[in-house]
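Here's the structure, in structure tokens; my notes come after.
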């Protein structure tokens, strides 16, 4: 009788350990799935940010290197909103803007905060460039490009 009781106790102890191992394995599987889902969603957001950033830098560098567009920026005074932009500069920005995003821009003095007017209900990514002079003109201006993904 004592031997039978001892065997039953050992079997119960084994069942307990098996249950503990099963629960631990289930927790590991669930945690792994959650981590994979979080990593993939974060990666997608970082990809769109990187893409937006690179496209904005491309647009701004082209303006910096084009003497005609530099002159358009340097020929402005005060803060220039998107609606009042020099025609050639606005057309160039609109032409270079990829289809997946919308952009707006603003020209300010270098010490100005140069914030976007109005409000959007989307994440807005901003990049800026300082354009200081041409051979004929010294009038430091900040060109800031605001872009967001189309909903």
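The values are calculated or read from the model by the stated rules, or taken from the named source; none is laboratory data. The model shown is predicted, which means the values in this text are computed figures rather than measured ones. Here the Cβ positions follow ideal geometry from the backbone for every residue, glycine too, while neighbour counts run over all protein chains shown.
Quick notes on this structure:
- Selection count where residues are part of a loop (DSSP other than H, G, I, E, B) and more than 22 Å from residue 117 (Cβ to Cβ), scope the range 65-89: 1
- Of all residues in the range 133-151, exactly one satisfies the criterion of being farther than 21 Å from residue 53 by Cα, without any contact (Cβ under 8 Å) to a residue 40 or more places away in the chain and either surrounded by 12 or more Cβ atoms within 10 Å (Cβ to Cβ) or within 22 Å of the chain's Cα centre (by Cα) (or both), namely 140.
- Only one of the numbered conditions (1) over 25 Å from residue 137 (Cα atoms); (2) modelled with pLDDT of 95 or more is violated by residue 99, and that is (2).
- When residue 88 is tested against (1) in contact (Cβ under 8 Å) with a residue 12 or more places away in the chain; (2) surrounded by fewer than 17 Cβ atoms within 10 Å (Cβ to Cβ); (3) closer than 20 Å to residue 57 by Cβ, exactly one condition is not met: (3).
- Test: residue in the range 50-61 that is within 29 Å of the chain's Cα centre (by Cα) and more than 30 Å from residue 106 (Cα to Cα): no
- Residue in the range 38-46 that is surrounded by fewer than 15 Cβ atoms within 10 Å (Cβ to Cβ) and in contact (Cβ under 8 Å) with a residue 12 or more places away in the chain present: no
- For the range 97-109, the tally of residues that are outside any loop (DSSP other than H, G, I, E, B) and free of Cβ contacts under 8 Å to residues at least 40 places away in the same chain stands at 2.
- Filter result for residue 130 (part of a strand (DSSP E or B) and without any contact (Cβ under 8 Å) to a residue 40 or more places away in the chain): yes
- Only one entry in 62, 112 is in a loop (DSSP other than H, G, I, E, B) and loosely packed, with under 15 Cβ neighbours inside 10 Å, namely 112.
- Tally of residues being farther than 12 Å from residue 143 by Cα, touching a strand residue (DSSP E or B) at 6+ places or on another chain (Cβ under 9 Å) and in contact (Cβ under 8 Å) with a residue 60 or more places away in the chain across the range 47-76: 6
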